[in-house]
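Beneath this line is the structure, given in structure tokens, with notes to follow.
None of the figures in this text is laboratory data; all of them are computed from the coordinates on show. This one's a predicted model, so the numbers in the text were calculated from it and none came from an experiment. When we count neighbours, we look across all protein chains shown, and the Cβ atoms used for this are built from the backbone with ideal geometry, even at glycine.
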Protein chains: 2
Amino acid sequence: MSLQILSVPSPPRSGPAAARVVGNALDAACATRVGTPPVARGEIDVVLDLRHAGRRALTLRYERFGDATLPTVFVAGGISADRHVAASAALPGRGWWDAQCGDGKALDPRRHSVLAFDWLGADGCLDVPLDPADQADAIAALLDALRVERLQAFIGCSYGAMVGLQFAAAHSDRLARLVAISGCHRSHPHASAWRALQRRAVALGALQCDDSHGLALARQLAILSYRTPAEFDRRFEAATVVGDRVRVGAEDYLDHCGATFANRFAPTAFVRLSESIDLQALNPESIRVPVTVVAVADDRLVPVSDAVELAERLRGDTRLHILQSLYGHDAFLKEGPAISAILSEALAGQEVAA
Amino acid sequence: MSLQILSVPSPPRSGPAAARVVGNALDAACATRVGTPPVARGEIDVVLDLRHAGRRALTLRYERFGDATLPTVFVAGGISADRHVAASAALPGRGWWDAQCGDGKALDPRRHSVLAFDWLGADGCLDVPLDPADQADAIAALLDALRVERLQAFIGCSYGAMVGLQFAAAHSDRLARLVAISGCHRSHPHASAWRALQRRAVALGALQCDDSHGLALARQLAILSYRTPAEFDRRFEAATVVGDRVRVGAEDYLDHCGATFANRFAPTAFVRLSESIDLQALNPESIRVPVTVVAVADDRLVPVSDAVELAERLRGDTRLHILQSLYGHDAFLKEGPAISAILSEALAGQEVAA
């Protein structure tokens, strides 16, 4: 893969009061095979007023898959997702949502310009409380820089759904429809407690020289909240005595999850984004754009009751889908056809100018 | 409170092959006010063949509330419960099941001799894998030493229910009825994974000088599995930014739970008893005594489906109660009247000679 680095001028459009784009956007249009949709990566320097940490100079890192003249769909996943939504000819590494994005899929880069960014804080350099509303402002600033007036849709999963709700509340003129999958207007106090203990695991690990242990444990705890007992029952055997210790069936899997995550994520990024989920507090009545709410019956982090309440309190055209899934909170990653059908329905008839 | 130390002879009855009582039982009949039921504490030295650790000399520490000539009810709670089931005139400290045991309660020391012991491993001195079946053998050895031929009932909650099932399978001639509350013939693989991560928190803490941090975190994680999201939703507020950190509503409560537990429990005891839960693996068809199975609809550790399977596979007279409770796995500690009614029903018509 070869990259062609382009310099594009700073956009003239004025952003929201809280966001100011500074300096030049650095746009890397990736070398694209003839006939395949273009892919571009870039960085935008902005100044944002953060809710809990004041004015900050920040860098937004985005990836755009599909021609910029097509209607733009913004996609946001969980706190561990990033700007690389799907593999492309130019950037063939696995994306976090290859199941939904690519030729012939619900998010088809021949029909949409699929835009995503790395969360504020994901690089581990921003060690302050981050509000989901800050992320929504950052996305608005990114759209300013890329001269995207309005989104065909904002599709958010988990934390991305929370941020999508914030975006719909604060920047309602900039999107035609929000799809909020497995994320609501608040964090449930039990889920918040669960995450608080994950952060304590990181803190416990940080007392040692090697803090990857704490981060791995935190991730393992998170995995237990993402999946369901029914799935574990199918996958894992009973505990056995190994040496003079008891080892349970899921431990090999959890070891793998912990090590992989600790290798690719900074502890500070995890802690600050985990905290950010817990800061979600939004009045659904403030949202008047169309929203598709998607909940999963056995989601142990986001109870269906919260999704139902959200749908009832939204003030625009609202659709509610409740999925049955063995994968609980992770259904958006695992239930390809069901999610695809919902996305296709949500995007149909939402054609807007790019 | 004054204690009167008595020496009672080693019992002549031969125990099961695996258990041998050695030395003298040390029985402390506690000073009792006239008219109040007697209380006795004692220690019994035994030799047991442990499933995963071979032959071991062990000390069994018991407490008996009610006259020894009354029908004996053995009571066993979770891994953090101990021999002090209820407060008495002679031992007025709070017991772990005061709600059910005392004058006029379901377990009335004027009608029953309520017997309990400290789990094998609870003193932190036995650092080996402990099988729930080992605990059942230890209880049989204790009954030998105390010359209790047969129990009117074995009442077990959580881990105690697992041990009760083992006792019913291996020592069926020694009990008239088992009441198994929130504990089954196996550990669910998801609950086992949850506990395995609690043990990892202890291990992470042990890498430091002060391992109370790890144990406190483990307990906090356990608490989340004992209680329900619905309870947390009622009790705790949304997260707030405190200083430059996010603090969730449940953290004060979790701090308290962690500190209290770390003060009174040894890390080794916690790890080995936690492991022991995961070693539960029993064929319900091997049990032919009457069993009352009690499950809680929103128990996040012991799914109702496992309790239903247990009830279906037991071979004796079986009753199944499914409770609705805001307190999930902890219902046996919190749902006083409902549990009391079940215990009273189970004990009625189960009169046996002491």
- Task: Take the Cα gyration tensor of region A:25-184, multiply each eigenvalue by 5, square-root it, and list the three semi-axes largest first, rounded to whole angstrom.
- Result: 24, 17, 15
- Message: Within region A:306-340, name every residue whose backbone N is under 20 Å away from a label modeled 7 Å from Cα of A:Glu285 along the Cβ vector.
- Response: A:306-319
- Message: For chain B, set up a GNM with springs between Cα atoms under 10 Å and report which of B:Pro129, B:Pro290, B:Pro189 has the largest fluctuation.
- Response: B:Pro189
- Task: Would you pull out the residues with amide H under 5 Å of B:Leu151's amide H, same chain only if 5 or more places away, H placed 1.01 Å from N?
- Result: B:Leu175, B:Ala176
- Query: How would you rank A:Ser88, A:Ser325, going from fewest to most other Cβ atoms within 10 Å of each one's own Cβ?
  - Reply: A:Ser325, A:Ser88
- Task: Could you tell me how many degrees, from 0 to 90 and to the nearest 10, lie between the Cα long axis of helix B:251-264 and the main elongation axis, the longest principal axis, of the Cα atoms of chain B?
- Result: 40
- Message: Run the numbers for A:Glu345 and A:Ala206: contour at 0.36 nm per residue of separation, minus the present Cα-Cα distance, in nm.
- Response: 45.4 nm
- Message: How tilted is helix B:304-313 with respect to the longest principal axis of chain B? Cα atoms for both, answer in degrees (0 to 90, nearest 10).
- Response: 30
- Expressed as an acute angle from 0 to 90° and rounded to the nearest 10, what is the orientation of the C-alpha long axis of helix B:189-206 relative to the principal long axis of chain B? 80
- Please label the shape of region A:45-110 as rounded, prolate or oblate, based on the square roots a ≥ b ≥ c of the eigenvalues of the alpha-carbon gyration tensor (a/c under 1.5 means rounded; beyond that, a/b larger than b/c means prolate, else oblate). prolate
- Task: Would you mind ranking B:Val202, A:Val271, A:Val128 so that the residue whose beta carbon has the fewest other beta carbons within 10 Å leads the list?
- Result: A:Val128, B:Val202, A:Val271
- Across peptide B:246-257, what mean number of C-beta atoms from other chains lies inside 10 Å of a residue's C-beta? 5
- Nearest 5 is fine: what % of DSSP beta bridges in the protein assembly as shown come out antiparallel, could you say? 60
- Message: Let me confirm one metric for peptide B:194-202, namely the mean number of other chain beta-carbon atoms within 10 Å of its residues' beta-carbons.
- Response: 6
- Item | Distance in nm between pseudo-label sites at B:Glu149 and A:Arg315 (7 Å out along the Cβ direction from Cα) | 7.9
- Taking the Cα centre of each part, how many Å lie between region B:279-296 and region A:118-152? 55
- Cα shape, region A:189-277, gyration tensor, a/c 1.5 rule: oblate
- Of A:Ala161, A:Ala86, A:Ala238, the most mobile residue in a GNM of chain A (C-alpha springs, cutoff 10 Å) is A:Ala238
- Quick one: compute the contact order of region B:189-277, relative version, from alpha carbon pairs under 8 angstrom and 6+ residues apart, as a percent. 32
- Note on the structure: Most fluctuating of A:Glu237, A:Glu149, A:Glu275 in the GNM of chain A (C-alpha, under 10 Å) is A:Glu237
- Here the alpha-carbon Rg of the protein assembly as shown over 2.2 N^0.38 Å rounds to 1.11
- Among B:Phe232, B:Phe270, which comes first, then next, by fewest other beta-carbon atoms within 10 Å? B:Phe232, B:Phe270
- Note on the structure: Label model pair B:Arg110, A:Glu237: point-to-point distance (7 angstrom along the Cα→beta-carbon line) in nm is 5.6
- If you put +1 on each Lys and Arg Cβ and -1 on each Asp and Glu Cβ, how big is the dipole of chain A around its Cα centre, in Debye rounded to 20? 420
- Query: What net charge do the residues around A:Val291 carry, taking every other residue with its C-beta under 10 Å from that of A:Val291, with Lys and Arg at +1 and Asp and Glu at -1?
  - Reply: +3
- Task: Can you tell me the equivalent ellipsoid semi-axes for chain A? Use √(5λ) from the Cα gyration tensor, largest first, whole Å.
- Result: 32, 23, 21
- Inter-chain shielding of B:268-278 (mean C-beta neighbours from other protein chains, 10 Å cut-off): 2
